[in-house]
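*Asks:* After the structure tokens below, expect a handful of questions from me.
The values are calculated or read from the model by the stated rules, or taken from the named source; none is laboratory data. All of these numbers come straight from a predicted model, not from anything done at the bench. Heads up, the Cβs are rebuilt from the backbone with ideal geometry, glycines too, and the neighbour counts pull from every protein chain shown.
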């Protein structure tokens, strides 16, 4: 049976380019953070809002952050394809640019979901299984999907414009740490948070995603989360547009 | 002394080393004329990286089914740009080309699915050599079992069996180039673009790959091939095109290119006994008296060599002179111009002299 072109490209993205060490670091690090950071800080922080324990607060945040992990891995596939001329090789074959872009975004989404699965497995013995309704489960997956599209689109758009590996990976690392640390993934925002920092945290799309996943985990999903979802969807559409524009102007040829 | 010279002249041997081609050029070139056999027709094609600065311009040539077409040119002549435009990686700025009869600008997946491309830039996935082959076959929709057996065939053919488990970036330059060609041959195609596929390969491997490609061409695969190694173009290609400054200066069968741009040929005469100084002087004086257009390149007692515009006349003159003084000629050879000599002559000419920027020989 001949698979559709996008599926073939996604399978290839998973099979090629990504070595086990990279995957271990990318997925192992957040799992390690849940297990160690969560357990250690749990002793120091008695309760965090509706989540209760710190570890119960941390787990939904780490799950949401997997959309960044997925996007980073997908961006890495794209960059390595450019670096090793596989983009040209694929474009000169039976594939459309749109299919390659769709495959990259789908790769980001699937990596995110793999990450979510790993986080859930690591968190289960620590916080137990949350009682989620189908709607809440859908809301979590939808948020992860939109976030993957947003961050994936953003990194692909960047990857298509930058011709230096050093610059690309530096920007990607900075963006990754900036987005994760200036969000509500690791800690809540309160009235005691400095105003400037609070503004940045609330402007960060990862905050919407982390809050939405957290609200779903604590069965407090509400209209605010729907609004956050709509904003995330709009941002995902913009990032998708940027990725398309970047692909249209993509300069094929050697990159450093 | 009548009666002696013909015997010696009949002993004359012609050195035809440049004619030991893999595929006879006659016949296939003729088949190119039939429109239904044309897989690629290039029609006044041009491409400019920046407005007004054309990297290639006014290219016109055709490639027939089973034909090997070589694109020759110096560095920066436009060979790689031509390949990139013809493989739809770059859009034409002016003119067009027809891939399998369809305008290049409207070519998509279905046309690209019928061709293969080995680009100059090495491309690879971060898996073993063998996995690269099967993964690439998977991308092309080749069934798993076929891919597996074809990978074995390619690993053996391109002598990559010993490095099958290694990652391609750890291979030597020659192995990586072989790997590139092997990987592209994992899928079926009707037209194959090869952008300098034999760079860095040793002579034996090069010959093996060229033999294989010639065989595929005989079974109907059309090949567009760029190279700096003119000898291999001479051996493999039915027709060649010479690019200079983005213009096609000439195209046609290698023999035609050589005939037209060969310049002087080398005539070498070997005598049965060493010529005395007086005889050498007399021979040169006689030849100078009887005609021009030759330059002595080596004169010693037993062998004398010239570069001559009209080799046949010179052979006749030497024979007459030897006959007249009763010296036996052991051997007279005329070495045909190589494609390299023709190429050098061609690209050394002033391109402006050719008002159309190209010359049709086919």
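*Asks:* Can you confirm whether region B:247-264 contains a residue that is under 13 Å from the mean Cα position of the chain (by Cα) and farther than 21 Å from residue B:42 by Cα?
*Replies:* yes
*Asks:* Let me ask something additional. So which of A:70, A:93 is in a loop (DSSP other than H, G, I, E, B) and touching a helix residue (DSSP H, G or I) at 6+ places or on another chain (Cβ under 7 Å)?
*Replies:* A:93
*Asks:* Would you check if residue B:154 is more than 14 Å from every other protein chain (Cβ to nearest Cβ) and either farther than 24 Å from residue B:215 by Cβ or touching a residue at least 24 places away in the same chain (Cβ under 8 Å) (or both)?
*Replies:* Answer is yes for this residue.
*Asks:* Separate question: Report yes if residue A:64 is assigned to a helix (DSSP H, G or I), away from chain B (no Cβ under 14 Å) and crowded, with 17+ Cβ neighbours inside 10 Å, otherwise no.
*Replies:* It is true that residue A:64 is assigned to a helix (DSSP H, G or I), away from chain B (no Cβ under 14 Å) and crowded, with 17+ Cβ neighbours inside 10 Å.
*Asks:* Starting from residues that are buried (at least 24 other Cβ atoms within 10 Å of the Cβ) and assigned to a loop (DSSP other than H, G, I, E, B), keep the ones in region B:78-91 and report whichever is farthest from the other protein chains (Cβ to nearest Cβ).
*Replies:* Here the residue is B:78.
*Asks:* While we're looking at this one, here's another question. Tell me yes or no: at least one residue of region B:196-213 is buried (at least 18 other Cβ atoms within 10 Å of the Cβ), in contact with a strand residue (DSSP E or B) (Cβ under 7 Å, 6 or more places away or on another chain) and under 21 Å from residue B:45 (Cβ atoms).
*Replies:* The answer is yes, given that some residue of region B:196-213 is buried (at least 18 other Cβ atoms within 10 Å of the Cβ), in contact with a strand residue (DSSP E or B) (Cβ under 7 Å, 6 or more places away or on another chain) and under 21 Å from residue B:45 (Cβ atoms).
*Asks:* Among the residues of region A:103-115, are any within 25 Å of residue A:48 (Cβ to Cβ) and buried (at least 21 other Cβ atoms within 10 Å of the Cβ)?
*Replies:* Looking through region A:103-115, at least one residue is within 25 Å of residue A:48 (Cβ to Cβ) and buried (at least 21 other Cβ atoms within 10 Å of the Cβ).
*Asks:* What tally of residues in region B:322-362 results from selecting those that are over 17 Å from the mean Cα position of the chain (by Cα), in a loop (DSSP other than H, G, I, E, B) and modelled with pLDDT of 50 or more?
*Replies:* 6
*Asks:* Within region B:113-126, work out how many residues are in contact (Cβ under 8 Å) with a residue 60 or more places away in the chain and either in a helix (DSSP H, G or I) or farther than 24 Å from residue B:224 by Cβ (or both).
*Replies:* The qualifying residues number 0.
*Asks:* Among the listed residues A:124, A:167, which satisfies the condition of being without any contact (Cβ under 8 Å) to a residue 12 or more places away in the chain, in a helix (DSSP H, G or I), more than 16 Å from the chain's Cα centre (by Cα) and more than 19 Å from residue A:74 (Cα to Cα)?
*Replies:* Answer to the check: A:124.
*Asks:* Condition first: touching a helix residue (DSSP H, G or I) at 6+ places or on another chain (Cβ under 8 Å) and either more than 11 Å from every other protein chain (Cβ to nearest Cβ) or touching a residue at least 60 places away in the same chain (Cβ under 8 Å) (or both). Now tell me which residues in region B:157-169 satisfy that.
*Replies:* Those that are touching a helix residue (DSSP H, G or I) at 6+ places or on another chain (Cβ under 8 Å) and either more than 11 Å from every other protein chain (Cβ to nearest Cβ) or touching a residue at least 60 places away in the same chain (Cβ under 8 Å) (or both): B:157, B:158, B:159, B:160, B:161, B:163, B:164, B:165, B:166.
*Asks:* Could you check region B:271-283 and list, in sequence order, the residues that are in contact with a strand residue (DSSP E or B) (Cβ under 8 Å, 6 or more places away or on another chain) and surrounded by 14 or more Cβ atoms within 10 Å (Cβ to Cβ)?
*Replies:* B:271, B:275, B:280, B:283 - these are the residues of region B:271-283 that are in contact with a strand residue (DSSP E or B) (Cβ under 8 Å, 6 or more places away or on another chain) and surrounded by 14 or more Cβ atoms within 10 Å (Cβ to Cβ).
*Asks:* For the structure I just gave you, tell me whether residue A:90 is within 14 Å of chain B (Cβ to nearest Cβ), under 30 Å from residue A:245 (Cβ atoms) and buried (at least 18 other Cβ atoms within 10 Å of the Cβ).
*Replies:* Criteria met by residue A:90.
*Asks:* Quick test of your reading of the structure: residue B:270 fulfils all but one of (1) at pLDDT 85 or above; (2) farther than 30 Å from residue B:119 by Cα; (3) in a helix (DSSP H, G or I). Name the failing condition by number.
*Replies:* Every listed condition holds for residue B:270 apart from (3).
*Asks:* Any idea how many residues of region A:8-31 are in contact with a helix residue (DSSP H, G or I) (Cβ under 9 Å, 6 or more places away or on another chain) and loosely packed, with under 13 Cβ neighbours inside 10 Å?
*Replies:* 1
*Asks:* Which of the residues spanning region B:137-151 are under 12 Å from residue B:188 (Cα atoms) and either at the interface with chain A (Cβ under 8 Å from one of its Cβ atoms) or not in a helix (DSSP H, G or I) (or both)?
*Replies:* B:140, B:141, B:142, B:143
*Asks:* Where residues in region A:17-46 are within 20 Å of the chain's Cα centre (by Cα) and part of a loop (DSSP other than H, G, I, E, B), which of them is nearest to the other protein chains (Cβ to nearest Cβ)?
*Replies:* Among those that are within 20 Å of the chain's Cα centre (by Cα) and part of a loop (DSSP other than H, G, I, E, B), it is A:17.
*Asks:* Here is a follow-up. All but one of (1) free of Cβ contacts under 8 Å to residues at least 60 places away in the same chain; (2) touching a strand residue (DSSP E or B) at 6+ places or on another chain (Cβ under 6 Å) hold for residue B:347; state the number of the condition that does not hold.
*Replies:* Every listed condition holds for residue B:347 apart from (1).
*Asks:* When the residues of region B:105-120 are narrowed to those that are in contact with a helix residue (DSSP H, G or I) (Cβ under 7 Å, 6 or more places away or on another chain) and farther than 22 Å from residue B:144 by Cα, which ends up nearest to the other protein chains (Cβ to nearest Cβ)?
*Replies:* It comes out as B:119.
*Asks:* Within region B:92-112, work out how many residues are outside any strand (DSSP E or B) and either under 15 Å from residue B:63 (Cβ atoms) or free of Cβ contacts under 8 Å to residues at least 24 places away in the same chain (or both).
*Replies:* Number satisfying all stated conditions: 10.
*Asks:* Quick check on my filter: what residues within region B:127-136 are outside any helix (DSSP H, G or I) and in contact with a helix residue (DSSP H, G or I) (Cβ under 7 Å, 6 or more places away or on another chain)?
*Replies:* B:127
*Asks:* Could you tell me whether any residue of region A:235-251 is away from chain B (no Cβ under 14 Å), modelled with pLDDT under 90, surrounded by fewer than 19 Cβ atoms within 10 Å (Cβ to Cβ) and not in a helix (DSSP H, G or I)?
*Replies:* no
*Asks:* Still on this structure: Restricting attention to region B:121-134, which residues are closer than 19 Å to residue B:156 by Cβ and either crowded, with 21+ Cβ neighbours inside 10 Å or within 8 Å of chain A (Cβ to nearest Cβ) (or both)?
*Replies:* Residues satisfying the conditions are B:129, B:131, B:132, B:133.
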